[in-house]
Amino acid sequence: MNSFKIYKILKEYFGEVGSWWPNDRPFEVIIGAILTQQSTWTNVEKALSNLKEANILNPKDIVELPIDNLKQIIKPSGFFNQKAERLRKISEYLLVTYDGELELLFSKDKKILREELLELKGIGDETADSIILYAAEKTEFVIDAYTKRIYSRLKIVEENISYGDLKKYIINEIPEDLLTYQEFHGLIVLLGKNICKKNPNCKECPLNSKCNYINNKKMY
């Protein structure tokens, strides 16, 4: 099934989701992209809420906050020791390199921006692309675990397909448009989170007529 067809089916089913990512300031998006690693968005929201309540919302705040305090604030997101270090490192980098001005970083060509982000410790493909798509607002599609699960269950790709190969496959089939990229990713998250779970509710899935999940698994 063509990716743009999937997008249209999901959009008709879930309705308009727009950008999907919460309408936070760019640095808050960066924080969220790091906190969501190996975590659910529900737990990330708790950690983000803690940061907002403590008024820790820019690189300077992160750097000046004692690391143990930061760990406790973001504890709901899980792996908080590791994530606190990553937040501290990227905050230090932004302050030293750009004086905390994200506009200078995001003004770069998206390819150069992506390469720079990937050089930072703790930032991989998914985190980098999330930052570029939702904070920098440039067309870089995000692949996550939900995307792999849905596309492999539809038998469009193999389950072990690489991040880069699945990304290329999808962007070759959808228009290069910021809102389309953001919305399609959001629709995939909604499907994976609510319907196409590890134990899927295939009966409710808007793609079930096209899906051959695990030996034509019975839906009823």
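Arranged from fewest to most other beta-carbon atoms within 10 Å of their beta carbon, Glu53, Glu16, Glu137 become Glu16, Glu53, Glu137.
Per-residue 3J(HN,Hα) values for segment 86-97, derived from phi via the Karplus relation 6.51 cos²θ - 1.76 cosθ + 1.60 with θ = phi - 60°, read 5, 5, 5, 5, 5, 5, 4, 4, 5, 6, 6, 8 Hz in sequence order (x marks Gly and Pro). The helix-based estimate of mean residue ellipticity at 222 nm for the chain, built from -39,500 (n - 2.57) per DSSP H run of four or more residues and divided by its residue count, is -16500 deg cm²/dmol to the nearest 500. Whole-Hz Karplus values for segment 101-113 come out as 8, 5, 4, 5, 5, 6, 6, 6, 4, 4, 5, 5, 4 Hz, taken residue by residue from phi with 6.51 cos²θ - 1.76 cosθ + 1.60 and θ = phi - 60°; glycine and proline positions read x.
The residue among Asn172, Asn160, Thr147 whose Cα reaches farthest toward the positive pole of the charge dipole of segment 147-190, with charges on the beta-carbon of Lys, Arg, Asp and Glu, is Asn160.
Here, P(r) means the percent of Cα pairs in each 5 Å bin from 0 to the largest distance; for the chain it is 1, 7, 14, 18, 17, 16, 11, 8, 5, 2, 1, 0. Computed over the alpha carbons of segment 83-136, Rg followed by Dmax gives 10.4, 28 Å. What the Cβ-Cβ distance of Lys52 and Lys108 gives, at R0 = 22 Å and to the nearest 0.05, is a FRET efficiency of 0.20. The mean sequence separation of alpha-carbon pairs under 8 Å and at least six residues apart, normalised by the residue count of the chain, gives a relative contact order of 25 percent. Here the 3J(HN,Hα) profile of segment 141-157, calculated from phi with Karplus coefficients 6.51, -1.76 and 1.60 at θ = phi - 60°, is 6, 9, 10, 10, 4, 5, 4, 4, 4, 5, 5, 6, 5, 6, 6, 7, 9 Hz, Gly and Pro shown as x. Applying a threshold of 31 Å to the alpha-carbon distances of Lys46/Lys197; Lys46/Lys138; Lys75/Lys111; Lys71/Lys167; Lys52/Lys110; Lys5/Lys46 flags Lys75/Lys111; Lys71/Lys167; Lys5/Lys46 as lying beyond it. Debye-formula intensities of segment 26-135, expressed as log10 I(q)/I(0) at q = 0.11 Å⁻¹, are -0.30 (one equal scatterer per alpha-carbon, no solvent). Per residue, the Cα convex hull of segment 1-85 amounts to 115 Å³.
Throughout, read-outs are computed from the coordinates displayed, never taken from laboratory work. For clarity, every value in this text was computed on a predicted model and none was experimentally measured. A quick note on method: Cβ atoms are made from the backbone with ideal geometry, for glycine too, and the neighbour counts reach across all protein chains shown.
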